[in-house]
Amino acid sequence: SAVISQKPSRDICQRGTSLTIQCQVDSQVTMMFWYRQQPGQSLTLIATANQGSEATYESGFVIDKFPISRPNLTFSTLTVSNMSPEDSSIYLCSVVSQAQETQYFGPGTRLLVL
Amino acid sequence: GENVEQHPSTLSVQEGDSAVIKCTYSDSASNYFPWYKQELGKRPQLIIDIRSNVGEKKDQRIAVTLNKTAKHFSLHITETQPEDSAVYFCAASRANFGNEKLTFGTGTRLTIIP
């Protein structure tokens, strides 16, 4: 399967600031997604990162709060804007490669907002 | 949209016994059902998946069954071992190849008692 990396792996941020999370894949993938996993909870899809166009957001998530970029087939960023303690979560990217036809997750970014 | 319910939320099993986790889904158009295992502090790992044209799939000690009429699917782990202890998530999507968004169940914390 594709090797997926995320940066940073963890961070502690002050409320009101923004953090950009990077997701890098070692091969071209057809689809990239961003999920949020709050402490002790399941995974919730934030948005589908579309290559060269605006991301597709799920209900309850908006572009102003979670801007996403995907400039090519191997890289995407998620920004968590104007953070509050409620944004403390693990943020995971996932990818689907044409070869594998299944969805694999990156290692996640553990975010704590004070 | 899709809603996936998962039961039980916690499960303790004696080592060597079997464990069964059940999920139901609401969207009759869903046709792809993966299962992920998440160990503490790690990313979700795909352990098995099933597509709607198949009623059962087995991989060594792990099996998944699907009943499309009743809209439920189950994970079966036989001869459980301590390393099976983790949180297990079921998911559902509309795509045959996992390239559509996944809706996750709430998770089952499985503990194997030595």
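Below are the figures for this structure:
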read-out	value
Filter pass, A:Asp11 being in contact (Cβ under 8 Å) with a residue 12 or more places away in the chain, more than 24 Å from B:Leu46 (Cα to Cα) and in a loop (DSSP other than H, G, I, E, B)	no
Test: residue in region A:13-24 that is out of contact with any Lys or Arg (no Cβ under 6 Å at 6 or more places or on another chain), modelled with pLDDT under 95 and of a type outside the set (S, T, N, Q)	no
Residue within region A:37-58 that is closer than 27 Å to B:Glu2 by Cβ and in contact (Cβ under 8 Å) with a residue 60 or more places away in the chain present	yes
Residues of region B:72-95 classified as under 21 Å from A:Leu43 (Cβ atoms) and not hydrophobic (A, V, I, L, M, F, W, C), total	7
Any strands (runs of 3 or more DSSP E) falling wholly within region B:6-114 and containing at least 1 residues that are free of Cβ contacts under 8 Å to residues at least 40 places away in the same chain and buried (at least 20 other Cβ atoms within 10 Å of the Cβ)	B:45-51, B:62-67
Selection from region B:48-76 of residues that are within 14 Å of chain A (Cβ to nearest Cβ) and either of a type in the set (Gly, Ala, Ser) or under 11 Å from B:Cys90 (Cβ atoms) (or both)	B:Ile48, B:Asp49, B:Ile50, B:Val64
Those residues of region A:7-35 which are surrounded by fewer than 21 Cβ atoms within 10 Å (Cβ to Cβ) and within 12 Å of chain B (Cβ to nearest Cβ), in sequence order	A:Ser9, A:Arg10, A:Thr30
Output for region A:53-91, where each listed residue is within 30 Å of B:Thr10 (Cα to Cα), surrounded by fewer than 20 Cβ atoms within 10 Å (Cβ to Cβ) and among the polar types (S, T, N, Q)	A:Ser59, A:Ser88
Residue among A:Ser76, A:Ser27 that is in a loop (DSSP other than H, G, I, E, B) and closer than 27 Å to B:Ala92 by Cβ	A:Ser27
From the options A:Phe33, A:Phe66, residue that is part of a loop (DSSP other than H, G, I, E, B), aromatic (Phe, Trp, Tyr) and out of contact with any Gly (no Cβ under 9 Å at 6 or more places or on another chain)	A:Phe66
Residue within region A:89-103 that is in contact (Cβ under 8 Å) with a residue 24 or more places away in the chain, away from chain B (no Cβ under 13 Å) and either within 10 Å of the chain's Cα centre (by Cα) or not in a loop (DSSP other than H, G, I, E, B) (or both) present	yes
Candidate set from region A:37-52 (those that are within 11 Å of chain B (Cβ to nearest Cβ) and either within 12 Å of A:Asp87 (Cα to Cα) or β-branched (Val, Ile, Thr) (or both)); member that is surrounded by the most Cβ atoms within 10 Å (Cβ to Cβ)	A:Ile46
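Condition check ((1) more than 13 Å from every other protein chain (Cβ to nearest Cβ); (2) within 16 Å of the chain's Cα centre (by Cα)) across all residues:
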site	(1), (2)
B:Gln6	no, yes
B:Ala19	yes, yes
B:Thr24	yes, yes
B:Lys37	no, yes
B:Pro44	no, yes
B:Ser93	no, yes
B:Lys101	no, no
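The values are calculated or read from the model by the stated rules, or taken from the named source; none is laboratory data. Keep in mind it's a predicted model, so treat the numbers as computed, not measured. Quick reminder, even Gly has a Cβ in these numbers, built from the backbone with ideal geometry, and neighbours come from all protein chains shown.
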